[in-house]
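Notes for the one structure printed next.
The values are calculated or read from the model by the stated rules, or taken from the named source; none is laboratory data. Only a predicted model underlies this, so the values are computations on that prediction, with no experimental measurement involved. We place every Cβ from the backbone using ideal geometry, glycine too, and count neighbours over all the protein chains shown. Surface areas here come from the heavy atoms of the whole protein model, side chains and all, with no ligands, DNA or RNA. Shrake-Rupley method; radii C 1.70, N 1.55, O 1.52, S 1.80 Å.
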Amino acid sequence: MGIKDLLRFMKPHIEPIHIKKYAGKRVGIDAYSWLHKGAYSCSMELSLNMEGEKKFQYLNYFMHQINLLRHHKIIPVVVFDGGNIPCKATTENERHRRRKANRDLAMEKLKEGNFNAASELFQRAVSITPSTAHQLIQILRSENIEFVVSPYEADAQLAYLSSLEAEKGGIVAVISEDSDLLAYGCPAVVFKMDRYGNGEEIVQNKVFESASCVPSFQCFDKELFTGMCVLAGCDFLPSVPGIGITKAYSLVSKYRNLDRVLSILKFEKHNQMPEDYSKLFREAVAVFQHARIYDADSKMPQTPKTSSRKAFAVSR
DNA sequence: AATCATGGCTCAT
DNA sequence: GCCATGATT
């Protein structure tokens, strides 16, 4: 779910841009967002694993976007999700359950001959499997497009790559649909990029420095911003009842210190607040700050542990 | 006024 | 994942 209501809250800090402004630069792509969009054009074919070309139409969509970037001399770096992070398991299970329910319903409608109802349900059942991702990886290889499979969340990997110099494999911006990127502290994120290259950009430095935009983040730093995001409710920790993005912003901008915010919160909401919220809060902030990532140069996950999954190399 | 819960949409014909 | 909307607090 990303950070609840964050993008709407940040609206005044969004600037419409064309992706060509990144000509000559390395730009990270959250593979999941384009895979998911592309899968809508062939959701039934994917769900039923049908024969024929159309099943692969999502690849055409993805490569169209890639070619758009290359046309503007942008160097794309595609980042895939790896395994699921344990604290996100309940969110993930719920999604899986709903997709399966929609798929079963779609099959029924299809048997009844109700094609329109079926295809609508197949769209809701759409899910990106390792197989669909692997089809794409093969094409990226053959086209010499750089890609990385993150050990866990692509968001974390994209944030890490954003912190590196281009010479060390770094990127200068991220294309995604996920507001979590802002909580991770990405310097520049482009949301809602369409097929012509138009998108909506949020640049961290501009957010912190802007004197004219309301809400103002002039007294914020990266930690306070991440804290605000966690307070508002994220995938790792639900918010305290009654606290949304607006209250989270007010608290952080008033007290300018996360420990102080927690004290006040404990005082005001002690009835509805879990006993261990402070601990869980600090852990969630730490997840955003010290995300598990795959370091292409060291060829090892930086936080080695539970490496049941394959470590993937980059193609460079 | 802000949060919460729900339902519709992402492609492309 | 996002967004809009109406009920709920």
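Any idea of the accessible area per residue across chain A, 1.4 Å probe, to the nearest Å²?
52
Provide the gained length on full extension for the span A:Ser250 to A:Ser263, in nm with one decimal, where the gain is 0.36 nm per separating residue minus the Cα-Cα distance. List each step's numbers first, then the result.
Working: separation 13, 0.36 × 13 = 4.68 nm, distance 1.47 nm.
My answer for the length gained is 3.2 nm.
Using 24 Å as the Cα-Cα cut-off, could you pick out the over-long pairs in A:Lys11/A:Lys100; A:Lys25/A:Lys192; A:Lys247/A:Lys269?
Listed pairs above 24 Å: A:Lys11/A:Lys100.
Dividing the alpha-carbon radius of gyration of the stretch A:210-302 by 2.2 N^0.38 Å (N being the number of residues), what value is obtained?
That ratio works out to 1.23.
Given R₀ = 30 Å, FRET efficiency for A:Ser142-A:Met50 by Cβ-Cβ distance, to 0.05?
It comes out at approximately 0.80.
Counting other Cβ atoms within 10 Å, which chymotrypsin sites (Phe, Trp or Tyr not before Pro) in the stretch A:181-277 have at most 13 and lie in a DSSP loop? Intermediate values should be presented prior to the final figure.
Working: sites: A:Tyr184, A:Phe191, A:Tyr196, A:Phe208, A:Phe217, A:Phe220, A:Phe225, A:Phe236, A:Tyr249, A:Tyr255, A:Phe267, A:Tyr277; in loops: A:Tyr184, A:Tyr196, A:Phe217, A:Phe220, A:Phe236.
Those that pass, being in a loop and sparsely packed, are A:Tyr196.
Along the Cα→Cβ direction, 7 angstrom out, place labels at A:Cys219 and A:Lys21. What is the inter-label distance in nm?
With each label placed 7 Å out from Cα toward Cβ, I get 2.9 nm.
If you find the alpha carbon centre of the stretch A:41-70 and of the stretch A:222-257, how far apart are they in angstrom?
38
Taking 7 Å along the Cα-to-C-beta vector as the label spot, tell me the A:Gln123-A:Met1 distance in nanometres, rounded to one decimal.
Result: 2.4 nm between the two label points.
Test of understanding: extend the Cα→C-beta vector of A:Asn67 to 7 Å, then name every residue of the stretch A:130-149 with backbone N under 20 Å from that spot.
Those under the cut-off are A:135-147.
Given a Förster distance of 25 angstrom, what is the FRET efficiency for A:Tyr40 paired with A:Thr91, based on the Cβ-Cβ distance and rounded to 0.05?
The calculated FRET efficiency here is 0.70.
Counting only Cα, what are the radius of gyration and maximum Cα-Cα distance Dmax of the stretch A:13-208, in Å?
17.7, 58
Are there any trypsin sites (Lys or Arg not before Pro) in the stretch A:175-229 that are in a DSSP loop and have at most 11 other Cβ atoms within 10 Å? List them by number.
Of the trypsin sites (Lys or Arg not before Pro), the ones in loops of the stretch A:175-229 whose Cβ has at most 11 other Cβ atoms within 10 Å are A:Arg195.
Heavy atoms of the protein only, probe of 1.4 Å, neighbouring chains included. What is the accessible area of A:Arg282 in Å², nearest 10?
Surface open to solvent at A:Arg282 totals about 120 Å².
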